[in-house]
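Peer 1: I have a structure I would like to understand better, so I am pasting it below and will then ask my questions one at a time.
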Amino acid sequence: MCGDRIRGARLAWPTKEAPGYKTQIHTLHVVAVRKGQTEVNAPEHATWGTVKCNSCFHEFLIGPPALYGVFGAENAYVKKLEAILTWEHKRRQQHQNNYDLGA
C-alpha cells in the first residue's frame with residue numbers, strides 16, 4: 001500500500017487521519033461501506049442509512065459525498081446495492097468492504 005492508487009473512479013490511499021482504518025475512499029460518487037470492518041472508511045460522505053443483505057445479514061452504510069450530494073434518488077442507489085449483494089451470493093462470492101455505486 002505504497003503511494004496513491006486509482007481504482008476506477010475513486011482514489012484510495014493509506015490513512016493517517018482515522019486510526020484503525022487502512023484506507024480512505026475519496027470520490028464524488030455514492031458509496032456503501034460494510035459496518036464492523038476496519039479496512040476502509042469514507043470520511044467525506046454523509047450517511048443516508050443502513051442496507052442489510054437479505055442472505056447473510058451483513059450491514060452496509062450508504063451515502064453520498066457530504067459536500068456535493070447527488071441528483072439521483074436514494075432508493076435507486078439502495079436497489080443497486082441490493083442487486084450487487086444478491087448477485088454476489090448467487091456466484092458464491094464474499095462481499096467487499098466497500099462499493100462505489102456511481103454518480
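Peer 1: Does Pro19 count as in a loop (DSSP other than H, G, I, E, B), modelled with pLDDT under 90 and either closer than 14 Å to Asn98 by Cβ or touching a strand residue (DSSP E or B) at 6+ places or on another chain (Cβ under 6 Å) (or both)?
Peer 2: no
Peer 1: Which of the residues that make up region 53-69 are among the aliphatic types (A, V, I, L, M), assigned to a loop (DSSP other than H, G, I, E, B) and more than 10 Å from Leu28 (Cβ to Cβ)?
Peer 2: Ala66
Peer 1: Is there any pair linking a residue in region 32-55 that is touching a residue at least 60 places away in the same chain (Cβ under 8 Å) to one that is in a strand (DSSP E or B) and aliphatic (A, V, I, L, M), with Cβ under 7 Å and at least six apart or on different chains, and which?
Peer 2: Qualifying pairs under 7 Å: Ala32/Val51; Ala32/Leu61; Ala32/Ile62; Val33/Val40; Val33/Leu61.
Peer 1: Just wondering, is there one or more residues in region 77-94 that are in a loop (DSSP other than H, G, I, E, B) and under 23 Å from Thr23 (Cα atoms)?
Peer 2: Within region 77-94, one or more residues are in a loop (DSSP other than H, G, I, E, B) and under 23 Å from Thr23 (Cα atoms).
The values are calculated or read from the model by the stated rules, or taken from the named source; none is laboratory data. Nothing here was measured: the structure is a model prediction, and the numbers come from that model. Cβ coordinates were reconstructed from backbone atoms using ideal geometry, including for glycine residues, and neighbour counts include every protein chain displayed.
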